[in-house]
Amino acid sequence: MYFALPFSLMIYGEQYISSGLASLIFANMPIAVMLISCLFLALRLEKHQIFGLITAVISLCLILSNEMNIDGKDCLIGITCLGFAVAIHAIIYVLVQKYCDGIPVLTYNAMPSFAAAFLLFLVSIMFERIHINSFTWESMSAVAYLGVVASVGGIVAYFRLGQVSTPFQASICFLIFPLIAILISCYVSGEVFSKQSLLIMIPLFLGILLTKMPKRFFRTRA
């Protein structure tokens, strides 16, 4: 639930959608976490959070609909896979916040990572035909980067950031990496969003920011 399923869904789904669109879906992780927190942690939403939630959801739906019209029906497969991955990750993040308080970050990342690796190796041996001769330097480099930087470095850094800062500050990274992913996707593969989708990203990010802003922020401004 932490590594094996979400990451498998994420990588499988990115066969049908661009990395930029995938990162844009994952940018809504703070909203998913907030909704799951309402169920598991009895979190009460403020009026500005509800407004931000509605704005972000509508904006995301418009972007997905717009990109689906461009990329075709296969895009729906990728969007569905990424949607499930976000939901599963959100549930785990909330449960970690509830039950793993005080447990070292490396401990509760290393154990599920090892279990997921063992499980995926067994599944791959049973269902996949592995041809070592087809391995390339690019593919091995991508796997190494995914394991060392994206998984170990990225996930550990995020949970560590959550321990030394506020949840709002930690969640800002979900707004930054879609921009980086879109730029890299444009440079490497020439994939780019339509102008309509790029414009709709503005209310999407503003809506996500609203959901993470504490109520005292507006009181101070007033």
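Across region 33-49, what is the number of residues that are of a type in the set (Gly, Ala, Ser) and open to solvent by less than 20 Å² (accessible area, probe 1.4 Å)?
Initially, region 33-49 is screened for residues of a type in the set (Gly, Ala, Ser), giving 37, 42.
Still in the running and open to solvent by less than 20 Å² (accessible area, probe 1.4 Å): 37.
Matching residues across region 33-49 total 1.
The conditions of being in a helix (DSSP H, G or I), at pLDDT below 80 and over 16 Å from the mean Cα position of the chain (by Cα) are met by GLU67. Condition check for ASN28 on (1) free of Cβ contacts under 8 Å to residues at least 12 places away in the same chain; (2) closer than 22 Å to ILE180 by Cβ: one failure, at (1). Being part of a helix (DSSP H, G or I), more than 21 Å from the chain's Cα centre (by Cα) and surrounded by 12 or more Cβ atoms within 10 Å (Cβ to Cβ) is a property that does not hold for LEU106. Inside region 26-57, residues that are touching a helix residue (DSSP H, G or I) at 6+ places or on another chain (Cβ under 9 Å), among the aliphatic types (A, V, I, L, M) and not in a helix (DSSP H, G or I) make up a count of 4. Looking only at region 40-64, residues that are out of contact with any Gly (no Cβ under 9 Å at 6 or more places or on another chain), among the aliphatic types (A, V, I, L, M) and either farther than 19 Å from ILE88 by Cα or at pLDDT 80 or above (or both) come to 5 in all. For the structure I just gave you, tell me whether SER23 is of a type outside the set (Val, Ile, Thr), within 25 Å of SER197 (Cβ to Cβ), assigned to a helix (DSSP H, G or I) and without any contact (Cβ under 8 Å) to a residue 40 or more places away in the chain. Criteria not met by SER23.
Please verify whether ILE92 is over 30 Å from LEU41 (Cα atoms) and in contact (Cβ under 8 Å) with a residue 24 or more places away in the chain, treating the condition exactly as stated.
Details: over 30 Å from LEU41 (Cα atoms): no; in contact (Cβ under 8 Å) with a residue 24 or more places away in the chain: yes.
No; evaluated as a whole, the condition is false for this residue.
Here ILE125 fulfils each of the conditions (1) surrounded by 15 or more Cβ atoms within 10 Å (Cβ to Cβ); (2) under 19 Å from ILE11 (Cβ atoms) apart from (1). Taken together, GLY78, GLY20, GLY52, GLY13 contain a single residue that is more than 18 Å from the chain's Cα centre (by Cα) and crowded, with 16+ Cβ neighbours inside 10 Å, which is GLY52.
The values are calculated or read from the model by the stated rules, or taken from the named source; none is laboratory data. Here the structure is a predicted model, which is why all the values come from computation and not from measurement. No Cβ is skipped: glycine too gets one built from the backbone with ideal geometry, and neighbour counts run over all protein chains shown. Only protein heavy atoms, including side chains, enter the accessible area calculation; ligands, DNA and RNA are left aside. Shrake-Rupley method; radii C 1.70, N 1.55, O 1.52, S 1.80 Å.
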